[in-house]
Amino acid sequence: MISRESCTARDAADALAPLRSLFAMEPVDAEGVVYLDGNSLGVLPKATPARLRDVAEVEWGQGLIRSWNTAGWITLSERIAGKIAPLIGAAPGEVVVADSTSINLHKILHAALAARKINRQRILSERTNFPTDLYIADTLAKQNGLELVLEDTAGIAEQIDDRVAIVMLTHVNYRSGYMHDMHEITRRARDAGALIVWDLSHSAGAVPVDLQRAEADFAVGCGYKYLNGGPGAPAFAWAHPEHIAWMDDTKWRQPLSGWLGHAAPFAFSSEYRPAWGMARFVCGTPPVLSMAALECGVDTVLAAEQAGGIAAIREKSIALTQLFIDLVEQRCGGHDLSLASPRAAANRGSQVSFAHPAHGYEIMRALIARGVIGDFRAPDLLRFGFTPLYTRFVDVWDAVDRLSAVLDSGEWREARFSVRAAVT
Ligand SMILES: Cc1ncc(COP(=O)(O)O)c(C=O)c1O
């Protein structure tokens, strides 16, 4: 039997444990909250409020418009892209930070469609891919006379053939936490002459990603999950250097050809001329405050470098998710919960989902009322995210302890837990 003491001992021996002090955990701890939703919104880094105050009071308040030059606002996107690049196996100039994941996906898919083999009619994706990815792809497919074909997770590889123009997948599935074999799927796409677009929203900062070594084509990802950039943080996009060269050669225009993606924005020319490389993926003025917060978030992940970096994060992530699965299965039997995430650690991202046939929503609300914050994904998933930078082994123990109490007491049946909130 696993004990709380054994979890505390694992925390004491954990090389990543000191990184928890980079986060504003005091209010979380004071409330007795166990936060298992960093896969949706990362915890506030301690550095962020002071940095935001500085940007507001000094850079904006005193520097005013001069700060575009003097405080480097105009190169913020480039600077943060350079910090995200090593986390995804990319070179700094291949990444751009801008807009939301949805918007970046629109721009990237547009580029992929322009670069595809013209006789191919399909965009292939996973049936349970995140809805925004499917909506964006479906709209673009229809506009370009293509078809969005959806397949179950296990059948994706088999469907990659010479009808497919683009394979578009989220590396770690937002529902099940299933992690695709990026290298294998990318190789299959290459062999079949298809292009591949990876959504790294649930990967960046959580699992090792090596886009260059995988020889992927394009990628996008989110700033507010494991990168801890804050609510609505800007997102990122990446293209393989061969596509960057192709865009430059063909003067390819992105579909949102705004002034800050122009080769010379301050020439104020009436004709659009794309900037060189990924800089063309910028559209309008960057949200400086949000960018500043994102940089603080990315810095927390980079701070793990001395404790083993992303490899150490992955190792602890596997240990945390495994502990959670083991404890739920030991302590929450007889309540109709079934594991909805891969049992094999190699196929699992940094989250675990359990399905409940009818009352997942109410159980999650009751659990949140007991201070364990996960989330619910309709129709039946209780979803728990584990962020090795601040999640402790003892948090896992406490979370399962409270989950078993919620289930054993049946308190989730109280009417108040069935009232649906706008955000689940
Ligand atoms: C896989 C995936 N892609 C995209 C998004 C949404 O991105 P955004 O709201 O930044 O456009 C999410 C949000 O949770 C996601 O999980």
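Separation of region 6-83 from region 288-342 is 17 Å, based on Cα centroids. Rolling a 1.4 angstrom probe over the protein heavy atoms with all chains in place gives region 103-246 an accessible area of 34 Å² per residue.
Rolling a 1.4 angstrom probe over region 178-332 with all protein chains present gives an accessible area of which 53% lies on carbon and sulfur atoms.
Looking at this model, which pairs from 225/251; 83/117; 142/251; 83/142 are more than 30 angstrom apart at the alpha-carbon? Pairs exceeding the cut-off: 225/251; 83/117; 83/142.
Local charge sum around residue 225 (other residues, Cβ-Cβ under 15 Å, Lys/Arg +1, Asp/Glu -1)? If you can, show how the numbers build up before the last one.
Details: positive: 175, 377, 383; negative: 37, 133, 199, 375.
Spelling it out: positives minus negatives among the neighbours equals -1.
Nonpolar atom fraction for region 1-119, defined as the carbon and sulfur part of the 1.4 Å probe accessible area, stands at 62 percent.
Given a Förster radius of 45 Å and the C-beta distance between residue 162 and residue 423 as r, what FRET efficiency does 1/(1 + (r/R0)^6) yield to the nearest 0.05? Please list the in-between numbers first.
Details: r = 42 Å, r/R0 = 0.94.
Between residue 162 and residue 423 the formula returns 0.60.
The label-point distance for residue 56 and residue 267, in a model that sets each label 7 Å from Cα toward Cβ, rounds to 3.9 nm. The per residue volume of the convex hull around the alpha-carbon atoms of region 1-46 is 105 Å³. Specify which residue in the list 196, 61, 87 is farthest towards the positive end of the charge dipole of the chain, using unit charges on the beta carbon of Lys, Arg (+1) and Asp, Glu (-1), about the Cα centre. The residue sitting most towards the positive pole is 61. Given +1 at the Cβ of Lys and Arg, -1 at the Cβ of Asp and Glu and no other charges, the dipole of region 234-324 around its Cα centre is 200 debye to the nearest 20.
What's the ranking of 120-132, 313-325, 411-423 by average number of surrounding C-beta atoms within 10 Å, highest first? Write down the numbers at each step before the final one.
Numbers: 120-132: 19.3, 313-325: 21.1, 411-423: 11.5.
Those peptides, ordered most packed to least, come out 313-325, 120-132, 411-423.
Once you order the gyration tensor axes a ≥ b ≥ c over the Cα atoms, which shape class does region 168-315 get: rounded for a/c under 1.5, otherwise prolate or oblate by comparing a/b with b/c?
Working: a/c = 2.27, a/b = 1.27, b/c = 1.78.
The shape class here is oblate.
Of the two radii for region 273-381, the radius of gyration is 1.12 times the Kirkwood radius, both from the alpha carbons; that is the Rg over Rh value. The C-alpha atoms of the chain define a longest principal axis, and helix 393-409 lies at about 60 degrees to it. Among 191-199, 258-266, 370-378, sorting by the average number of other beta carbon atoms lying within 10 angstrom of each residue, highest first, gives 191-199, 370-378, 258-266. Using a simple spin-label model with pseudo-atoms 7 Å out from Cα toward Cβ, residue 4 and residue 69 lie 6.1 nm apart. The calculated Kirkwood hydrodynamic radius for the chain is 22.5 Å, given to one decimal from all distinct C-alpha pairs.
Of the residues 259, 293, 368, the one whose Cα sits farthest toward the positive end of the charge dipole of the chain, with +1 on the Cβ of Lys and Arg and -1 on the Cβ of Asp and Glu, is 259.
Apply the a/c threshold of 1.5 to the C-alpha gyration tensor of region 365-404 and tell me whether it is rounded, prolate or oblate. All intermediate terms of the calculation are to be shown ahead of the outcome.
Numbers: a/c = 2.31, a/b = 1.38, b/c = 1.67.
It is oblate, given that a/c is not under 1.5 and a/b is not larger than b/c.
Using the Cα centre of the chain as the reference point, and only Cβ charges (+1 on K/R, -1 on D/E), how large is the resulting charge dipole? Debye, rounded to the nearest 20. Numbers along the way, then the final one.
Numbers: 41 positive and 49 negative charges, 132 e Å.
That gives a dipole near 640 debye.
Ellipticity at 222 nm from helices only: DSSP H runs of n ≥ 4 in the chain, each -39500 (n - 2.57), divided by the residue count, give -11000 deg cm²/dmol.
Using just the Cα positions, wrap region 34-109 in a convex hull and report its mean projected area in square nanometres, one decimal place.
Working: hull surface 28.6 nm².
If you wrap the Cα atoms of region 34-109 in a convex hull and average its projections, you get 7.1 nm².
Rounded to the nearest 5, the antiparallel percentage of DSSP beta bridges internal to the chain is 55%. Dipole magnitude for region 319-424: computed about the Cα centre from +1 point charges on Lys and Arg Cβ and -1 point charges on Asp and Glu Cβ, it is near 260 debye. Radius of gyration over Kirkwood radius for region 1-142, both on Cα atoms: the Rg/Rh ratio is 1.08. With contacts taken as Cα pairs under 8 Å at a separation of at least 6 residues, the chain carries a relative contact order of 22 percent.
Compare the Cα positions of 355, 320, 334 along the charge dipole of region 264-367 (+1 at Cβ of Lys, Arg; -1 at Cβ of Asp, Glu; about the Cα centre) and return the one farthest towards the positive end. Projecting each Cα onto the dipole axis, the largest value belongs to 355.
The values are calculated or read from the model by the stated rules, or taken from the named source; none is laboratory data. Since the structure is predicted, the reported quantities are computational estimates derived from the model, not experimental observations. Ideal geometry is used to build each Cβ from the backbone, glycine not excepted, and the neighbour counts take in all protein chains shown. Heads up: the accessible areas ignore ligands, DNA and RNA and are worked out on the full protein's heavy atoms, side chains in. Shrake-Rupley method; radii C 1.70, N 1.55, O 1.52, S 1.80 Å.
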